[in-house]
1. Put +1 on the Cβ of each Lys and Arg and -1 on the Cβ of each Asp and Glu in the chain; which of G38, I80, T28 then has its Cα farthest toward the positive end of the dipole?
2. Among the Cys residues of the chain, which have no other cysteine Cβ under 4.7 angstrom away?
3. Scan the chain and report its longest stretch carrying no GluC sites (Glu not before Pro) that are both in a DSSP loop and have at most 15 other Cβ atoms within 10 Å.
4. Under the √(5λ) rule applied to the eigenvalues of the Cα gyration tensor, what semi-axes describe the equivalent ellipsoid of the stretch 3-128? Give them in Å, descending.
5. Too long at a 19 Å Cα-Cα cut-off: which of K27/K86; K27/K100; K100/K123; K13/K86?
6. For the chain, which longest stretch is free of loop sites, where a loop site is one of the trypsin sites (Lys or Arg not before Pro) that DSSP puts outside H, G, I, E and B and that has at most 10 other Cβ atoms within 10 Å?
7. Can you grab the distance from the C-alpha centre of the stretch 6-85 to the C-alpha centre of the stretch 92-130, Å, no decimals?
8. If you place +1 on the Cβ of every Lys and Arg and -1 on the Cβ of every Asp and Glu, how big does the dipole about the Cα centre of the chain come out, in debye to the nearest 20?
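Laboratory data are not the source of any read-out in this text; all were calculated from the coordinates shown. Please read these numbers as outputs of a predicted model, since none were measured by experiment. Here the Cβ positions follow ideal geometry from the backbone for every residue, glycine too, while neighbour counts run over all protein chains shown.
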Amino acid sequence: MPLIFDYEEIAGKFYPIIPIELETREKTFLTRAYVDSGAGFSIFNAEIADYMGLDYRSGEMIFPAGVGGHIRAYINEILISVGNIKVSCNVLFSDEFTVKFNLLGRSGVFDRFRVCFDDSGKKICFYERL
């Protein structure tokens with residue numbers, strides 16, 4: 001059974017933004033993320049890691065390139081829940097990430113799900129790989 005989410009409307013435009021839950025040993029954090037098939041990693045602002053009690057700077061430092069250029073980020077392994085399914089993912093946390101949305105990228109997520117973007121129907125579907 002697929003997990004189906006409606007696109008979110010922002011300023012009259014529709015985007016594949018879904019609710020997710022981030023989890024560490026310390027805390028969980030409910031948020032929303034833009035599903036980005038062009039992003040290798042999911043990326044979140046460092047304030048989220050701080051709130052969750054995660055020493056994100058202990059992770060490997062990398063400088064991923066994106067549309068906005070290079071930023072310094074740190075790889076950390078956390079659990080991400082999409083619907084009721086938890087996935088262990090390597091994600092990036094950065095205090096230089098200033099985009100308005102969290103990004104849900106391919107690493108861990110697209111390995112676990114087949115993801116279908118239905119732009120005309122304004123829906124995104126996640127089919128769990130068994």
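1. Most positive-ward Cα: G38.
2. C89, each lacking another Cys Cβ under 4.7 Å.
3. Excluding the exposed sites themselves, the longest stretch runs over 27-95.
4. 23, 17, 13
5. Check vs 19 Å cut-off fails for K27/K100; K100/K123; K13/K86.
6. Maximal segment without exposed cleavage sites: 26-99.
7. Each part's Cα centre sits 9 Å from the other's.
8. Values: 14 positive and 18 negative charges, 57 e Å.
The calculation lands at about 280 debye.
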